[in-house]
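Structure, as structure tokens:
The values are calculated or read from the model by the stated rules, or taken from the named source; none is laboratory data. In this text the structure is predicted, and so the values were computed from the model without any measurement. In this analysis, Cβ positions are derived from the backbone assuming ideal geometry, glycine residues included, and neighbour counts consider all displayed protein chains. For accessibility, only protein heavy atoms count, side chains too; no ligands or nucleic acids. Shrake-Rupley method; radii C 1.70, N 1.55, O 1.52, S 1.80 Å.
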Amino acid sequence: MKPQLAVIVSGFPRRSETFMLGELLALEACGVLAAVFATKLGEIGPAQPGTERLTKYVEFLPDAPVEEQARAVRAMLSRKRINGIHAYFAHRPAEVAQHAARISGVPFGFSVHARDFRKVVPEVLAARASNAACVVACNTDVARDIRKLGASVELLPHGVDLQRFTSTAPLANGVLRLLAVGRLVEKKGFDFLIAALVGVKIPFTLTIVGDGPERERLRQLIILNNLENRVVFFGSATHAELPRMYGEADVVVVPSVQDRSGDRDGLPNVVLEAMASGRAVVASDVGGIASAITDGETGLLVPPGDPVALKAAIQRLSQSTALREQLGRNGRRRVERDYEVGRCSERFHRLLMSVYG
């Protein structure tokens, strides 16, 4: 009989957490997913494709202290055979998983992504990691941070669906079509992208896909710099819409920065999705982005928070269709080699089975 796992997540569903969705779907397909517990409600609105396959597994925990949520997990698992409890992410979900596993007599582990690492006091996180059966990091940046705490960590990158995100030739129309995708929050650096576009002489458009608390501030920056006719907010999009949007772009820009709280991206979904789509990527050299983008080979890297360097990179790409196509081809080959979702998910599944099985 296959080992059975319970998984604890934060809000469910969330459109930005496609990496977690893919891994949960892989566990479900392998017949080892017994239950998913959400510590709070997720987002309203359209969900990512595949979410519907998981809804029958999802239970929402009471809005209560960690210990009470852990007892609720134990009660709901009382009639199930469980071999382990795994959590996304390092903060509240991992804390609930640790308590629930202790009272259930099974091991626990957790996956750490980026911001969740910085939500936990280092000493607490070090102790949590030392008690875990496994700690999984999805990018080199957070893996390095975990190791600095003296904890062991498995580096297993998330994958991208190469059947959904395919490489197609862009249709040239004399206008450089820029695309930026991400939540409208400070660490995404969209204000630096807007600053970089001020004074650009070439014909261009920028579509920003995403929503969040920075939207109004970004809108005011666009108006202040007379870019209203060139920059469009699309709002949130799912994987049902994003492949078409990548296909219509010439260049994908990922201007991530470290925000004032110290938060930064690991390896954002948009990087791998754009590379899989055969698009030239200009990205900040921050977090774990350089683990996928080799400057001048699979994309262009610029210093974070530097609109002058970002502008220069965009202008360089605008002047060379051949360079855009070369970076796009190389990027696609890179994700085919290292980030194909099936192989990444299989590695994740094998690790969890070796730990909890």
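Scanning region 27-51 for residues that are open to solvent by 20 Å² or more (accessible area, probe 1.4 Å) and farther than 16 Å from Asn83 by Cβ gives Ala29, Lys40, Leu41, Gly42, Glu43, Ile44, Gly45, Pro46, Ala47, Pro49. If you go through region 218-269 and keep only what is closer than 29 Å to Leu21 by Cα, of a type in the set (A, V, I, L, M, F, W, C) and in a helix (DSSP H, G or I), you end up with Leu242, Met245. Scanning region 157-176 for residues that are aliphatic (A, V, I, L, M) and open to solvent by 70 Å² or more (accessible area, probe 1.4 Å) yields Ala169, Leu171, Ala172.
Mind checking which helices (runs of 4 or more DSSP H) fall wholly inside region 277-357 and carry at least 1 residues that are in contact (Cβ under 8 Å) with a residue 24 or more places away in the chain, within 24 Å of the chain's Cα centre (by Cα) and under 26 Å from Arg164 (Cα atoms)?
321-338, 341-356
Residue count for region 225-246 satisfying the condition of being open to solvent by 20 Å² or more (accessible area, probe 1.4 Å) and either in contact with a helix residue (DSSP H, G or I) (Cβ under 9 Å, 6 or more places away or on another chain) or within 26 Å of Leu301 (Cα to Cα) (or both): 10.
When Ser16, Ser10 are checked against the criterion of being within 25 Å of Leu267 (Cβ to Cβ) and in contact with a Pro (Cβ under 8 Å, 6 or more places away or on another chain), Ser10 stands alone in meeting it. Looking across region 312-331, just one residue is surrounded by 19 or more Cβ atoms within 10 Å (Cβ to Cβ) and of a type in the set (Lys, Arg), and that is Arg324. Scanning region 313-331 for residues that are more than 17 Å from Leu171 (Cα to Cα) and in contact with a strand residue (DSSP E or B) (Cβ under 8 Å, 6 or more places away or on another chain) turns up Ala313, Ile314, Arg316, Gly331. Restricting region 332-357 to residues that are closer than 21 Å to Ala290 by Cβ and touching a strand residue (DSSP E or B) at 6+ places or on another chain (Cβ under 6 Å) leaves a set whose member that is surrounded by the most Cβ atoms within 10 Å (Cβ to Cβ) is Val335. Kindly indicate whether any position in region 152-164 is farther than 30 Å from Leu327 by Cα and in contact (Cβ under 8 Å) with a residue 24 or more places away in the chain. For region 152-164, residues farther than 30 Å from Leu327 by Cα and in contact (Cβ under 8 Å) with a residue 24 or more places away in the chain: present.
Within region 247-263, the set of residues being modelled with pLDDT under 95 and surrounded by 17 or more Cβ atoms within 10 Å (Cβ to Cβ) comprises just one member, Asp263.
When Asp145, Asp191 are checked against the criterion of being under 30 Å from Val124 (Cα atoms), open to solvent by less than 50 Å² (accessible area, probe 1.4 Å) and either in contact with a Pro (Cβ under 9 Å, 6 or more places away or on another chain) or free of Cβ contacts under 8 Å to residues at least 40 places away in the same chain (or both), Asp145 stands alone in meeting it.
Of all residue pairs spaced 6 or more apart or on separate chains, those with beta-carbon atoms under 9 Å, a first member in region 53-70 that is closer than 12 Å to Ile8 by Cβ and a second member that is open to solvent by 90 Å² or more (accessible area, probe 1.4 Å) are Phe60/Lys40; Phe60/Leu41; Leu61/Lys40; Gln69/Asp63; Ala70/Arg102.
The residues in region 7-51 that are touching a Phe, Trp or Tyr at 6+ places or on another chain (Cβ under 9 Å), outside any loop (DSSP other than H, G, I, E, B) and of a type in the set (A, V, I, L, M) can be counted, and the count is 13.
Is there a residue in region 17-37 that is touching a residue at least 12 places away in the same chain (Cβ under 8 Å), touching a Gly at 6+ places or on another chain (Cβ under 9 Å) and of a type in the set (Phe, Trp, Tyr)? Yes; the residues of region 17-37 include at least one that is touching a residue at least 12 places away in the same chain (Cβ under 8 Å), touching a Gly at 6+ places or on another chain (Cβ under 9 Å) and of a type in the set (Phe, Trp, Tyr). Among residues that are surrounded by fewer than 16 Cβ atoms within 10 Å (Cβ to Cβ), in contact with a helix residue (DSSP H, G or I) (Cβ under 9 Å, 6 or more places away or on another chain), at pLDDT 95 or above and assigned to a loop (DSSP other than H, G, I, E, B), Gly212 is included. A single entry from Glu59, Glu43, Glu95 fulfils the requirement of being over 21 Å from Ser354 (Cβ atoms) and in contact with a strand residue (DSSP E or B) (Cβ under 6 Å, 6 or more places away or on another chain): Glu59.
Residue check: is Val121 touching a Gly at 6+ places or on another chain (Cβ under 7 Å) and closer than 25 Å to Gly262 by Cα?
No; evaluated as a whole, the condition is false for this residue.
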